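Notes follow the structure.
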Amino acid sequence: MESPPGNRPLFQPKVAIAAVFGTTIEWYDFALYGTAAALVFNKAYFPDSDPLVGTLLAFGTFAIGFLARPIGGAYFGERGDTKGRKHVLVATLLLMGIATTAIGLLPTYAQIGVAAPVLLTLLRFLQGFAAGGEKTGALIILFENAPPKWRGLLSSLPAIGTGTGT
């Protein structure tokens, strides 16, 4: 059932641009981790392991982010219903930025020992948690703000951000 025209705000393109831009940034951070896992993290965080095992452990931390995505989507989806979509999108962007910055500043195994890979795994979980929440929030905010005949098309825009960021 559609809302009466007088009660429905007009769709604003800046909502779509913000959703695509936010998703692009989130997924750029997400994909950047994969490159670092392949090239750096096995040596920096798992140096006592065989090189193959170290690489597998580094990619294991990469996988943690994918496991956290549905949890973040469910958590932030519910928060979006109660607190508002804009609040959730800002929170997920901040969480992703903080987690990514913390990974960049994280001491290595040589500096703090076993705490380094544990913290790396925790921060990667937070990245996945934020990415799942951001994509869910972006999809829903576009769907809710789109004119009824454009909902399908506009709700697909965050997929552009995912591909562009990756």
Checklist entry - Using +1 on the beta carbon of Lys and Arg, -1 on that of Asp and Glu, and nothing else charged, what's the dipole of segment 55-166 about the Cα centre, debye to 20? => result 220 debye
Checklist entry - Near Gly137, within a Cβ-to-Cβ distance under 14 Å, what is the net charge of the other residues, with Lys and Arg +1 and Asp and Glu -1? => result +1
Item to check | Relative contact order of the chain, defined on C-alpha pairs under 8 angstrom at six or more residues apart (%) | outcome: 40 percent
Next on the checklist: I'm a student and want to see the number: the projected area of the Cα convex hull of segment 98-145, averaged over all directions, in nm².
Outcome noted: 3.3 nm²
Item to check | Most to least accessible of Thr61, Thr35, Thr166 (protein chains only, probe 1.4 Å) | outcome: Thr166, Thr35, Thr61
Checklist outcome for this item: Net charge (Lys, Arg +1; Asp, Glu -1) of residues whose beta-carbon lies under 9 Å from that of Gln127, Gln127 excluded, is -1
Next on the checklist: What Kirkwood Rh does segment 66-133 have if only Cα atoms enter the pairwise 1/r average? Answer in Å.
Outcome noted: 12.5 Å
Item to check | Protein accessible area in the chain, 1.4 Å probe - carbon and sulfur % | outcome: 71 percent
Next on the checklist: Could you put Tyr75, Tyr109, Tyr28, Tyr33 in order of accessible surface area, largest first, with the 1.4 Å probe and the full protein assembly present?
Outcome noted: Tyr28, Tyr75, Tyr109, Tyr33
Item to check | Virtual spin-label span in nm between Leu105 and Leu67, 7 Å along Cα→Cβ | outcome: 2.7 nm
Checklist entry - Do you know the Lys pair count in the chain for C-alpha distances under 22 Å, with sequence separation 8 or more or different chains? => result 7
Next on the checklist: So if the hydrodynamic radius of the chain is defined as the Kirkwood radius over C-alpha pairs, what does Stokes-Einstein give as its diffusion coefficient at 25 °C and 0.890 mPa s, in µm² per second?
Outcome noted: 146 µm²/s
Next on the checklist: How much accessible area per residue does the chain have, counting only protein heavy atoms and a probe of 1.4 Å, in square angstrom?
Outcome noted: 55 Å²
Checklist entry - Taking the Cβ-Cβ separation of Lys83 and Phe143 as r and a Förster radius of 25 Å, what is the calculated FRET efficiency to the nearest 0.05? => result 0.90
Checklist entry - Which whole DSSP H helices in the chain pass both tests: a Cα extent of 24 Å or more along the axis and a mean Kyte-Doolittle value no lower than -1.0? => result 13-36, 51-83, 85-105, 115-145
Checklist entry - So for the pair Val90, Trp150, with labels modelled 7 Å out along Cα→Cβ, what separation do we get in nm? => result 2.5 nm
Checklist outcome for this item: Of Ala19, Ala31, Ala99, the most mobile residue in a GNM of the chain (C-alpha springs, cutoff 10 Å) is Ala31
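The values are calculated or read from the model by the stated rules, or taken from the named source; none is laboratory data. For clarity, every value in this text was computed on a predicted model and none was experimentally measured. All Cβ positions, glycine included, derive from the backbone under ideal geometry; neighbour counts span all protein chains shown. SASA here: full protein model, heavy atoms, side chains in, ligands and nucleic acids out. Shrake-Rupley method; radii C 1.70, N 1.55, O 1.52, S 1.80 Å.
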